[in-house]
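Asker: One structure, pasted below without further comment.
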Amino acid sequence: FLNIFFAVVRRRGADGRIPVRTLDRGASSSAAAVEPAGYPGGSYDTSLLVKYEHHVARHIWFGEERGPKKELKVAVHGLKLTSRVPLALPPQMESWVSRSDLSSLQRTSLNKIDTNLVSTFVERWHLETSSFHMPFGEMSITLDDVACLLHLPIRGIFWSPQDVTEELAVELAVDYLGVSQGQAQSHVRSCRGSYYKLEWLYDLFVHHRAAFSWAYATRAYLLMLVGSTIFADKTFTLVEARYLLLFRDLDGCSGYSWGAAALVTLYRYLGDASMYSCKQLGGYPTLLQCWIHEYFPTVGKRGENWKPADNCGLPRAMRWSYRQGVLKVDDLRPILDELTPADVIWRPFEDHRAWCVFDEICLYRGCLKWGETVVSYLPDRCLRQFGYRQYVPSPPLDCMMATDIDVDWISYHQSVIAVIGSSTVATTPSDAVDGYLEWYYCVYHPRLVPPHRDAPREVPVPVYDVGPSDPDWARVSTLIHRYLRQVNAEEEDPQFSDLFEALHISRSH
């Protein structure tokens, strides 16, 4: 019942090489190659995914796992943060926390993370394109997603910190956290670097709050908050001391693009975790998992705290709660391999616009930075998430060569015009130009599980019917989906199997 068929099947030999032929490699390719060798199990055209040799997807294709555990170890602080965030802060602190534009982070964290679900998506992330490679094209976590899910400001300045040595970390703790020189030295020494322990910061917050030392208490609290959420790292217990510099002036820390900071940090850790040698994921996993819940309603288990229509302006991430998934990485990989555009809610936040208006800066194409970390932000590779027809995108940016990132960010209008000027409004949610999917399957390898391990590898190019959907069928799909959510039904519930089949049929029209 899925509206899909496959064509353009190309084979590799047992050595992973491709027969001689000329490929039209699209806009992301350099000069045409007469004899593209490709990676065994990977893309035909190797000019785009230059790090694929070390990517986990290349090893998965040949049955090689990262280790005994196929899922990543994920930095999760949700349960601890729930116990550390008070129901109400003293008014003196509340004013500063509110003005920092970080107050939404107090309530957005999932208590637990489905590491199998998150790990399966990480396996599809490629740092060259800052995107997930799905069977039907690219998708990514965008600035608009961060704004809607976390209610963090996306406009603002980037932060360029100075290096913080252990000696400076001690001085900062004395000056801005209100501890003695000896206490600061002892603590930093125990961290074996320029870090503070999250538990130590919480204890300082409690101590200074009881002593009515509001500035010290607020800085300890905010540093603990960002260290447990958007700046969570793979130590699971520490936060970098340099982030204390952000809160020296509690009246002036609201000018930062906290949304970009969250995205840069997560992109960085996704890029690390997509490599075969990495076994841990840092960054804010709630942002990633809630993004999956919003866009992929049929993948993974989730609890729902409220319906979008009943939202009172809360961050959209607070809509979701953790439910233990039953599917492991091995189960989820083929499920993601078989996803079609009909399985995606391409614009999940249209019913959230009363509280989070779409900002055109989300279509900025360029580099984002936070500290010394620079990542490429490429909305032209996931245009369908913005309601535009997907075209073959331009080559990715080389952020190592970027010198005027702050200037580009301020003058974002030029890049927005370039991004949407080459497209048109989509006629269907999954609309793409002719030839996009064939190009996509030449430069990517978006299927992780080979149908037959020893057979010559086939990379099918799916061709979808992109004609306008019947509005009546769309209405039927919406009504069925709404009812299934209201009764909190899961696809494996036998009493709802007919309704789920009806939902899939309606989405295929």
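Asker: Need the failing condition index for ASP351 against (1) among the charged types (D, E, K, R); (2) part of a loop (DSSP other than H, G, I, E, B); (3) farther than 30 Å from TRP61 by Cβ, just the number.
Answerer: (2)
Asker: While we're looking at this one, here's another question. Among the numbered criteria (1) assigned to a helix (DSSP H, G or I); (2) of a type in the set (D, E, K, R); (3) more than 19 Å from the chain's Cα centre (by Cα), which one does ARG333 miss?
Answerer: Unmet for ARG333, out of (1) assigned to a helix (DSSP H, G or I); (2) of a type in the set (D, E, K, R); (3) more than 19 Å from the chain's Cα centre (by Cα): (3).
Asker: Quick check on my filter: what residues within the stretch 222-273 are in a loop (DSSP other than H, G, I, E, B) and either of a type in the set (A, V, I, L, M, F, W, C) or surrounded by 21 or more Cβ atoms within 10 Å (Cβ to Cβ) (or both)?
Answerer: THR229, ILE230, PHE231, ALA232, PHE236, LEU250, CYS253, SER257
Yes/no per residue for (1) closer than 30 Å to TYR243 by Cβ; (2) open to solvent by 10 Å² or more (accessible area, probe 1.4 Å); (3) assigned to a loop (DSSP other than H, G, I, E, B):
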residue: THR403; (1), (2), (3): yes, yes, yes
residue: ALA418; (1), (2), (3): no, yes, no
residue: SER423; (1), (2), (3): no, yes, yes
residue: ASP434; (1), (2), (3): no, yes, yes
residue: PRO451; (1), (2), (3): no, yes, yes
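Asker: What about GLU64, is it in contact with a Lys or Arg (Cβ under 9 Å, 6 or more places away or on another chain) and part of a loop (DSSP other than H, G, I, E, B)?
Answerer: Criteria met by GLU64.
Asker: I've got another one for you. Could you grab the pairs with beta carbons closer than 6 Å, sequence gap of 6+ or different chains, first residue in the stretch 293-304 and in contact (Cβ under 8 Å) with a residue 12 or more places away in the chain and farther than 13 Å from LEU327 by Cβ, second one part of a strand (DSSP E or B) and open to solvent by 20 Å² or more (accessible area, probe 1.4 Å)?
Answerer: Matching pairs, first to second residue: GLY303/SER321.
Asker: Still on this structure, I have one more. Could you grab me the full set of residues in the stretch 367-386 that are of a type in the set (Gly, Ala, Ser), at pLDDT 95 or above and assigned to a loop (DSSP other than H, G, I, E, B)?
Answerer: Hits for the stretch 367-386: nothing passes.
Asker: Right, another one. In this structure, does SER109 turn out to be crowded, with 23+ Cβ neighbours inside 10 Å, in contact with a Leu (Cβ under 8 Å, 6 or more places away or on another chain) and part of a loop (DSSP other than H, G, I, E, B)?
Answerer: Against the criterion (crowded, with 23+ Cβ neighbours inside 10 Å, in contact with a Leu (Cβ under 8 Å, 6 or more places away or on another chain) and part of a loop (DSSP other than H, G, I, E, B)), SER109 qualifies.
Asker: Any residue at all in the stretch 115-123 that's open to solvent by 10 Å² or more (accessible area, probe 1.4 Å), closer than 18 Å to THR229 by Cβ and out of contact with any Ser or Thr (no Cβ under 7 Å at 6 or more places or on another chain)?
Answerer: Yes, the stretch 115-123 has at least one match.
Asker: Looking at the stretch 182-199, can you tell me whether even one residue there is under 33 Å from the mean Cα position of the chain (by Cα), within 30 Å of ILE361 (Cβ to Cβ) and in contact (Cβ under 8 Å) with a residue 12 or more places away in the chain?
Answerer: no
Asker: On to the next question. Out of everything in the stretch 200-221 that is open to solvent by 70 Å² or more (accessible area, probe 1.4 Å) and aromatic (Phe, Trp, Tyr), what residue ends up being nearest to the chain's Cα centre (by Cα)?
Answerer: Going through the qualifying residues, I end up with TYR216.
Asker: Quick check on my filter: what residues within the stretch 299-323 are open to solvent by 40 Å² or more (accessible area, probe 1.4 Å) and part of a loop (DSSP other than H, G, I, E, B)?
Answerer: ASN305, TRP306, LYS307, CYS312, LEU314, TYR322, ARG323
The values are calculated or read from the model by the stated rules, or taken from the named source; none is laboratory data. On a predicted model such as this, the values are computed, not experimentally measured, just so you know. No Cβ is skipped: glycine too gets one built from the backbone with ideal geometry, and neighbour counts run over all protein chains shown. Note: areas computed on protein heavy atoms with side chains; ligands, DNA, RNA excluded. Shrake-Rupley method; radii C 1.70, N 1.55, O 1.52, S 1.80 Å.
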